[in-house]
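Bear in mind that the values in this text are calculations on the coordinates, not laboratory data. Keep in mind that what you see is a predicted model, and the values were worked out from it rather than measured. FYI the Cβ positions are ideal-geometry reconstructions off the backbone, even for glycines, and counts take in every protein chain you see.
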There are 2 protein chains.
Amino acid sequence: MKVTYELIHQDKETGARYGKAIFTDANGNIQEYETPMFMPVGTQATVKTLSPEQVKATKPGIILANTYHLWQRPSAEIVQKAGGLHQFMNWHGPILTDSGGYQVFSLARNKKKDITEEGVHFKSELDGSKLFLTPEKSIEIQNMLDSDIAMSFDECPPASADHQYLKNSIERTIRWAERGKKVHKNSNQSLFGIVQGGPYEDLRRFSAEQTVAMNFDGYSIGGVANDDECKDDMYKAIEYSIPYLPNDKLRYLMGVGEPVDLVESVARGVDIFDCVSPTRLARHGNALIWGIRYTDKNEPKEKRINLKNACFTADFSPIEDDCDCYACKNYTRAYIHHLMKCNETFGATLLSIHNIRFLIRLTEKMREAIKNDSFADFKSTFLA
Amino acid sequence: MKVTYELIHQDKETGARYGKAIFTDANGNIQEYETPMFMPVGTQATVKTLSPEQVKATKPGIILANTYHLWQRPSAEIVQKAGGLHQFMNWHGPILTDSGGYQVFSLARNKKKDITEEGVHFKSELDGSKLFLTPEKSIEIQNMLDSDIAMSFDECPPASADHQYLKNSIERTIRWAERGKKVHKNSNQSLFGIVQGGPYEDLRRFSAEQTVAMNFDGYSIGGVANDDECKDDMYKAIEYSIPYLPNDKLRYLMGVGEPVDLVESVARGVDIFDCVSPTRLARHGNALIWGIRYTDKNEPKEKRINLKNACFTADFSPIEDDCDCYACKNYTRAYIHHLMKCNETFGATLLSIHNIRFLIRLTEKMREAIKNDSFADFKSTFLA
């Protein structure tokens, strides 16, 4: 399917946008999904511990899959022979694939890699075999995976990179985006460009303007989700990029899933998000709880409880009283505590359902607030 | 709920019985399930890797839960406070709990345990703490768990036990059954007796007659599922027990889940079965396949394939073409192979669904054959 974006309403006080991602298949059939949207991540063609039906019950729009991982296992050829990713994993809603760039740089963070104009030489973290990923190869793989949205191959520079390094990097990333666009062959797949540039206003502007000039189907803002990057830099990176992105295309902030960041980013005009955090937190026993806590350094973070804690042994309330997810409707904290203590995977399943639904509920509430021109109120209440 | 059994039709040539397990709750509401029946096992109040909805889609009747495990974690008190096992684990069909006896003897197989007239002293395999399980304690726990069928506490002697040991053991088990029955307090729960006696005709008869004299709600045949016991001994144990069991009560062969054993046991008049094998096989990548293979020693065993094998990398057929399970209807061997190679739990989920449904389909086909008086034909075809 190909995607277009319809901006329905912009909040009066902030940059927050309510709109629709409209997917059209080769036969003209349409699927519509509201934005702001949180996309659950199915790294290896499965959202960890969940069936597609369990994912669907959280009311997502697009889900994500990882080009790098699927390239390595089971390979683009196998997915193609299976009839594409939708068929392979039994997911009939829209799928976005990343370019593999983030994984090449993050999984091989401590390993030798060789970035050339042509592409990136690196070693597989699975078996040490030598791999070479180029912009053309990334697009070719994504064409074969047959996702609905493909991403351009970009360099994800470390947060420590200086202005000069970043300037060279984004210039190369722009050349890579051009090369990828040139070989993009799947007429049933949209292609997004990626804005990089770290925390620098001039670089973000340059990257955004050059990328937009290539007329992609949508734009993402990258390089903001490094663990060691502070939130102010993230928000600045968004603010420096957004003014140069067109109003009639989707804006995607990659790898961001903290509730506070979703709210702050929507306020700045971002439409869609993805993050592995809801399922990763779940596997460690954590459930997201409505609201925000403040750290010792007065930094806002997500509220959460760890169901492994002994205090939940005899707690027969749901994770959250007013949550409408399958886990909260049918199970108690005591039961999930029991499952986590016994290493039963159904515990991670229930927490994954809750955490994904939590972020999707947050986007639903933001949509309502934008429609009612009350987003600023919503934001200050949520962050209180 | 309390259970009764209705014998609807007995096969003309064999001892195979088609019937119904009828569950009646305190308000007179009825749930009926056909037999022969295979019961999926939810050891720790969850059928491993599955949601209750996924279990339900395999069309089971009763499911099992383990008294020993739930006594240790989360404790009978917690389950009772949660409103009983049905409420705790969100399973609203019938539940059978074992007595804990099998686990005391099997989990502590290599550890020191002290069997006295009063009960069994042993150490927890979780934390080494000293535990003492008695017939009264087992029933008290099961009353609190509020399962629909409770089992009497029995000794499970090793397969190597001689006639003299077994004679003492079954006499004690009979005294334990009497003590358990005396303290059984849950008027909304049925209580089954257990026939032991190893491979000895006189002991099986003695155990069956003495146990039946106590008038339990149903009877199980125990001590047949030891790994080192040969199939002939299992079938003999059934043949030596069945003639002394009443026609109007359920007959339950504990811990048996090999397809060949289900067929051979149904032929001898057994109604219900349980086994962890379908979910355990699944977690190791195995899928049951219709029919029987013969080992080098010409022993019949279940047919299976291991989806981890490289030969399934590009196999885009379902696990079994004519299986109606969720896994076979929606996924390929190639996808399940991929999930297993990546250690994604959804692989074990799909294989568990298939394997459980496989055994339940086998019972469905046996029911049809019995109704048509063609069970002997079915059996010889299946075992060919």
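Under the condition of being touching a residue at least 60 places away in the same chain (Cβ under 8 Å) and assigned to a strand (DSSP E or B), which residue from segment A:290-329 is surrounded by the fewest Cβ atoms within 10 Å (Cβ to Cβ)?
Ranking the candidates gives A:Gly291 first.
Go through segment A:278-289 residue by residue and tally those that are surrounded by 16 or more Cβ atoms within 10 Å (Cβ to Cβ) and not in a strand (DSSP E or B).
Residues meeting the conditions: 7.
Could you name every one of the helices (runs of 4 or more DSSP H) located completely within segment B:141-251 that has at least 1 residues being closer than 15 Å to B:Ser99 by Cα and over 17 Å from the mean Cα position of the chain (by Cα)?
Hits in segment B:141-251: B:163-183.
Among the candidates B:Val41, B:Val55, single out the residue that is more than 9 Å from chain A (Cβ to nearest Cβ) and in contact with a Cys (Cβ under 8 Å, 6 or more places away or on another chain).
Unique residue meeting the criteria: B:Val41.
Working only within segment A:82-99, note down all residues that are more than 11 Å from chain B (Cβ to nearest Cβ), free of Cβ contacts under 8 Å to residues at least 60 places away in the same chain and assigned to a helix (DSSP H, G or I).
Within segment A:82-99, no residue meets the criteria.
State yes or no: is B:Thr43 of a type in the set (S, T, N, Q), closer than 16 Å to B:Ile95 by Cβ and in a loop (DSSP other than H, G, I, E, B)?
yes
Every residue in segment B:131-161 that is among the small types (Gly, Ala, Ser) and surrounded by fewer than 22 Cβ atoms within 10 Å (Cβ to Cβ), please.
B:Ala159, B:Ser160, B:Ala161
Quick one: in segment A:23-81, which of the residues that are among the acidic types (Asp, Glu) and touching a residue at least 40 places away in the same chain (Cβ under 8 Å) is farthest from A:Ile141 (Cα to Cα)?
A:Glu34
Within segment B:348-359, can you find the residues that are out of contact with any Cys (no Cβ under 6 Å at 6 or more places or on another chain) and either farther than 14 Å from B:Arg304 by Cα or at the interface with another protein chain (Cβ under 7 Å from one of its Cβ atoms) (or both)?
B:Ala348, B:Thr349, B:Leu350
Go through segment A:45-62 and count every residue that is surrounded by fewer than 24 Cβ atoms within 10 Å (Cβ to Cβ) and touching a strand residue (DSSP E or B) at 6+ places or on another chain (Cβ under 8 Å).
Final tally of qualifying residues: 3.
Take segment A:167-185 and flag every residue that is in contact with a helix residue (DSSP H, G or I) (Cβ under 7 Å, 6 or more places away or on another chain) and surrounded by fewer than 24 Cβ atoms within 10 Å (Cβ to Cβ).
Of everything in segment A:167-185, those that are in contact with a helix residue (DSSP H, G or I) (Cβ under 7 Å, 6 or more places away or on another chain) and surrounded by fewer than 24 Cβ atoms within 10 Å (Cβ to Cβ) turn out to be A:Lys167, A:Ile174, A:Arg179, A:Val183, A:His184, A:Lys185.
Within the bounds of segment B:331-347, is there any residue that is surrounded by 24 or more Cβ atoms within 10 Å (Cβ to Cβ) and more than 14 Å from chain A (Cβ to nearest Cβ)?
So far as segment B:331-347 goes, no, none of its residues is surrounded by 24 or more Cβ atoms within 10 Å (Cβ to Cβ) and more than 14 Å from chain A (Cβ to nearest Cβ).
Considering only residues that are of a type in the set (S, T, N, Q) and either farther than 18 Å from A:Ile141 by Cβ or touching a Gly at 6+ places or on another chain (Cβ under 9 Å) (or both), which ones fall in segment A:153-188?
Within segment A:153-188, A:Ser160, A:Gln164, A:Asn168, A:Ser169, A:Thr173 qualify.
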